[in-house]
Every structure is written in C-alpha cells, then in structure tokens.
Amino acid sequence: MGLEKMKIKLPDHDVSRRLIIGGWMLFPKPEDEDLRKLYRSAVQHIHVMRDLKIAGQPIDPGSRRYKWKASGNGSEMIAVEQDTSTMEANETGMVLLGSPEKIVEFFHDYQDFLRRANFNFRLKEGIASGLVLLASCVFQGLSKRPHLDGKGAAEKAVAKMIDLTRSSVRGYFKEFGCVAHLWAAWLLQVLSENDSLANGEILKDVEYRVPIDFMSDADVDATLTSAKYALDFGRKTISTRTVLFDEINSIEFDWPEKSGELIEMVPSTLVEMLKKHRETSAPHKAR
C-alpha cells in the first residue's frame, strides 16, 4: 500500500495526539518509528521533570535516582524511580537510537537523543517546508504574473525570510514535503498569535526558540483542519502548471470531513510579509 493511501489513526486523547503528530512532523519517514517513540518519551520526560519541580521535588540528574524504562509492550518509555544500591557497577543505562525497548538513563540520554537526532536542524527543515507551502498559496492569490509566482518564487521568498539559500530551501522541501501541510498548520497557529510577525524577525533563527514539546499547547482539531486545507492545496495544480505535492507521499491522519480554502486561514500579517519578500530582489545571505 502506498503511503499516500495510508491514513494514520489517532487516539482520542489530545496529549497522545499531539505527541504522535509532533513525532511525524520531525521524523516523517515510515521507517523512523523508533525515533518517533524516543521523541514521545523525551517530551513525556520533560513534563515529568516540570511537574516534579512545580511540586517542590526537583530531580537531581546526577543522583541517578530516575531512569527511563520500557512500559507496556515496550513501545513507550516512562520515568521511574530506581534503587541505585541494586545497580550493577557497569550499568550505564545508555541506549542507541532505534532501540526504545532498552532502559535509558534519566535526563542525560534524552539530551543526547536530541543532539544526535539534530532536533534544531529538523525544525528548520520543517518550518521552511511549511512556509514554502503557505507562500505558494499566498502568491497564487496575489498573482498577476502566474509564470513567475510558482514554487520557485515561494522558495526564494522563504530563503530570504529565514536567511538561507534557495537551494537549501529546495532541499528541505524535498526532505520534509510529505509533512509540509502539518508544519504549515502549526505555523498558522504560532504566527497568528504573535504580534512581532510584521517585522519578520520572528523567523530569524526560529528553530533555536522552539521547545522540544512544540505541539504541547497546540489546538489539535484546529491543527488537523488547517493541515487538511493545506494538503488539499498542495495537491492542486497551481497556475504555473505545477503541483507542490507531485510525487510526494504525504503523511495523512484521520482528518475532519470538512474542507475549505487555505488562503482564508493565513494571517494578514504573514500575507504582508510574504508580499514584501516577493516584491524585493535583494540577495539573501547563505548559511
């Protein structure tokens, strides 16, 4: 069965839904399920630490009192308190990526996981791909020059907005295009709530300001609705006779039945910023 025909069933609980959606946004390859499991565990791990700190019981990672342990059928991991006196001298608790059934040491290994998984770079790839989709949508609505306002124009605008080369943005979309509609939906929520969008600075090095649990406060139903609209747009033939999601096996969930136009959901401040970068031709800085 092709991935474009596979629709991922989400659980009813919003916390679990956010974790699953966020995992796919960061690790969109079907074979990366182990990485998605480790990501979900890392987010749950952070929340455990926050809850304990709020309760006046901060964790000292150096004490090794807490470890991650496989739960249930081994598909998820939870933080548990351990009796350090029973530990073997050579027990380090380290785990290789792709082995979620093993026990991993509390605190240190989830940071190691993020470093090895290149979390910030994945954020940049995802955000760039979502912006290309949104820029394409906005430019189609504005266009009186359809031969110039296709995907290439969107890539150029996004490259300037987030300080990259166009070839980098093109490569990011190739890698994360299958979840570009999910990133576009997330961006619509984040950017519509941020008053500093108009000056464009919010997108400079944005990947370093996004927390690991970036989906924790997301409105799941709104995210799924926006993502469905974005997916529908990405599958349309735009005026340059191109289809953004051509030959892309997009990640799909159990979407809401309703559908609508993506352009109606784009904040006016984002439209204005995209218009600014569409109309300028100043060279952008390579990174």
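The values are calculated or read from the model by the stated rules, or taken from the named source; none is laboratory data. The structure presented is a predicted model; accordingly, all values stated were derived computationally and were not measured. Cβ: placed from backbone, ideal geometry, glycine included. Neighbour counts: every protein chain shown.
Observations on the model:
- Single unsatisfied condition, GLY56 versus (1) at pLDDT 85 or above; (2) surrounded by fewer than 19 Cβ atoms within 10 Å (Cβ to Cβ); (3) not acidic (Asp, Glu): (1)
- Selection within region 235-258 - of a type in the set (A, V, I, L, M) and either closer than 30 Å to ASP14 by Cβ or assigned to a strand (DSSP E or B) (or both): VAL243, LEU244, ILE248, ILE251
- When each of ALA198, ALA180 is tested for being modelled with pLDDT under 90 and either part of a helix (DSSP H, G or I) or over 21 Å from PRO30 (Cβ atoms) (or both), the lone residue that passes is ALA198.
- The condition of being buried (at least 19 other Cβ atoms within 10 Å of the Cβ) and over 26 Å from GLY141 (Cα atoms) holds for only one of MET273, MET215, that being MET215.
- Hey, SER268 of a type in the set (S, T, N, Q), at pLDDT 85 or above and buried (at least 20 other Cβ atoms within 10 Å of the Cβ) or not: no
- When ASP51 is tested against the conditions (1) at pLDDT below 90; (2) closer than 23 Å to TYR172 by Cβ, the lone failure is (2).
- When SER167, SER136, SER143 are checked against the criterion of being over 18 Å from the mean Cα position of the chain (by Cα) and at pLDDT below 90, a single residue qualifies: SER143.
- Number of the exception - LEU231 against (1) assigned to a loop (DSSP other than H, G, I, E, B); (2) surrounded by 20 or more Cβ atoms within 10 Å (Cβ to Cβ): (1)
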